[in-house]
Amino acid sequence: MGIEEKLPNGILLTTVEKLVNWTRKSSFWPATFGLACCAIEMMATGAARYDLARFGMEVFRASPRQADLMIVAGRVSQKMAPVLRQIYDQMPDPKWVLSMGVCASSGGMFNNYAIVQGVDHIVPVDMYLPGCPPRPEMLIDAILRLHDKIMDEPLGDKRRKVLEAREPAVVPAGSMPSSFRHNKELRAAWEKAAAQGREEQLRIEKWMETQARRNS
Amino acid sequence: MGQFIGTLKGFGVTFSHMFKKVVTEEYPEKRVPLAPRYHGRHILNRHPDGLEKCIGCELCAWACPADAIYVEGADNTDEERYSPGERYASTYQINYARCIFCGLCIEACPTRSLTMSNEYELARDSRQDLIFTKEQLLAPLLSGMEQPPHAMYLGDSEKDYYLSGPTNPGSSAGAEKNPAHRIADRDGKVAQ
């Protein structure tokens, strides 16, 4: 597109790429797009107790032109679909979409003619968050996974090809739960388990440990 | 001058908070334990010898209001045995893009095979990854457990497994084992 296409693929570019991605993820403003009950949890996440300001995201922008992230919180009816697409189109690039809750992700329990069966029929979705509604920690987890993915994004098409040529990582960006990623020991344990393909079992083992501590 | 000191005082209050304990949730670093009966990710439990508790009856799939569960049953044979009794689930999938965590499936389960954990970090970047397969849902093998298929080690028939049911909670004894949350029955006795 611009100068980054012509530059050689050296340390300079990777460092610039990291810097650009870091600035993008550190001031990641969401657009207010609450459609149903999930919006209540989204408001709770933005409010004082869960304090989304820690991640530079406290300002929910009412204007899509100032937003980077669209959190589709709630069920999307057929009538709302064109509105949703228009708001997405009005957001400036680069932009991301987080589909919050099962209704936005797949239609959830509303498998009927009135509800769009997954918001990815209308806009490209970067992170799906299940839950009905997801608790604020789950939303923060999804956002942090999205941060992880943004930090891994290539700058320009040339760099994208280089990154795609690499063999896939054992733990792809955005696949590790945030509480594991932000703890050194748990992170190492997760990476080891992912190499063996038993990360879900590890999770249950950790939960059983906390349960045993609680019962004793 | 007085105005200036007033300003300083105000900023002093703000500044002093840098050294105080925070009152907000510090989620990714510290995870606050949830209520013991919080409806999180499911677990498919095992008997103490490693055989699966699931008998492939599909009652969970019938109970599910969101049609999130898909089960395919198959017959156990003496050579290839996954669960005590006649049937086992050859395919078991839960679609977390549909599941609303209502818990009707674990109420419907006749063998307490399906229970829920408190795990909630489930976000993924593709819908395909949100469909959890049997391998992902099965409980980890604890000591004394062996990966099925294998013979019934705890008795000659499935009755031996089910008779010891209440004292045989399997690998993921969750909330029901927490002394603070045990529910007494009509005679005031608390289940062990």
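Evaluated against (1) touching a residue at least 24 places away in the same chain (Cβ under 8 Å); (2) in contact with a Lys or Arg (Cβ under 9 Å, 6 or more places away or on another chain); (3) within 14 Å of chain B (Cβ to nearest Cβ); (4) more than 27 Å from A:ALA39 (Cβ to Cβ), A:ALA194 falls short on exactly one condition, (2).
Among the residues of the stretch B:105-114, just one is surrounded by fewer than 23 Cβ atoms within 10 Å (Cβ to Cβ) and of a type in the set (Ser, Thr, Tyr), namely B:THR111. Using the structure shown, decide if B:LEU142 is among the hydrophobic types (A, V, I, L, M, F, W, C) and more than 18 Å from A:LEU202 (Cβ to Cβ). No; evaluated as a whole, the condition is false for this residue. In the stretch B:38-46, is there at least one residue being buried (at least 18 other Cβ atoms within 10 Å of the Cβ) and of a type in the set (A, V, I, L, M)? Yes - at least one qualifying residue is present in the stretch B:38-46. In the stretch B:115-138, the residue that is surrounded by the most Cβ atoms within 10 Å (Cβ to Cβ) out of those that are over 13 Å from the mean Cα position of the chain (by Cα) and part of a helix (DSSP H, G or I) is B:LEU130.
Checking A:ALA169 against (1) within 12 Å of another protein chain (Cβ to nearest Cβ); (2) not in a helix (DSSP H, G or I), which single condition isn't satisfied? The number of the failed condition is (1). Beta carbons closer than 6 Å, at least 6 apart along the sequence or on distinct chains, pair a first residue in the stretch A:200-216 that is open to solvent by less than 60 Å² (accessible area, probe 1.4 Å) with a second that is part of a helix (DSSP H, G or I) for A:GLU200/B:GLN136; A:LEU202/A:ALA193; A:ASN215/B:LYS177.
Annotation: A:ASN112 fulfils all but one of (1) without any contact (Cβ under 8 Å) to a residue 60 or more places away in the chain; (2) closer than 18 Å to B:TYR96 by Cα; the unmet one is (2).
Residues satisfying the criterion are present in the stretch A:33-50 (criterion: within 11 Å of another protein chain (Cβ to nearest Cβ), assigned to a loop (DSSP other than H, G, I, E, B) and open to solvent by less than 60 Å² (accessible area, probe 1.4 Å)). Taking the conditions exactly as written (facing another protein chain (nearest Cβ under 9 Å) and among the charged types (D, E, K, R)), does B:GLU26 satisfy them or not? The answer is yes for B:GLU26. Sub-8 Å Cβ pairs linking a first residue in the stretch B:120-132 that is within 10 Å of B:ASN95 (Cβ to Cβ) and more than 7 Å from chain A (Cβ to nearest Cβ) to a second residue that is open to solvent by less than 10 Å² (accessible area, probe 1.4 Å) and not in a strand (DSSP E or B), at least 6 apart or interchain, are B:ILE131/B:TYR96; B:ILE131/B:ALA97; B:PHE132/A:GLU200; B:PHE132/B:ARG41; B:PHE132/B:TYR96, ordered by first then second residue. Going by what's in this entry, would B:TYR88 be described as in contact with a Pro (Cβ under 6 Å, 6 or more places away or on another chain), more than 14 Å from chain A (Cβ to nearest Cβ) and surrounded by 21 or more Cβ atoms within 10 Å (Cβ to Cβ)? It is false that B:TYR88 is in contact with a Pro (Cβ under 6 Å, 6 or more places away or on another chain), more than 14 Å from chain A (Cβ to nearest Cβ) and surrounded by 21 or more Cβ atoms within 10 Å (Cβ to Cβ).
The values are calculated or read from the model by the stated rules, or taken from the named source; none is laboratory data. Everything quoted here is computed from the prediction, not taken from an experiment. Positions of Cβ are backbone-derived with ideal geometry, glycine not excepted, and every protein chain shown enters the neighbour counts. Note: accessible area is taken over every heavy atom of the protein model, side chains too, but ligands, DNA and RNA are not part of it. Shrake-Rupley method; radii C 1.70, N 1.55, O 1.52, S 1.80 Å.
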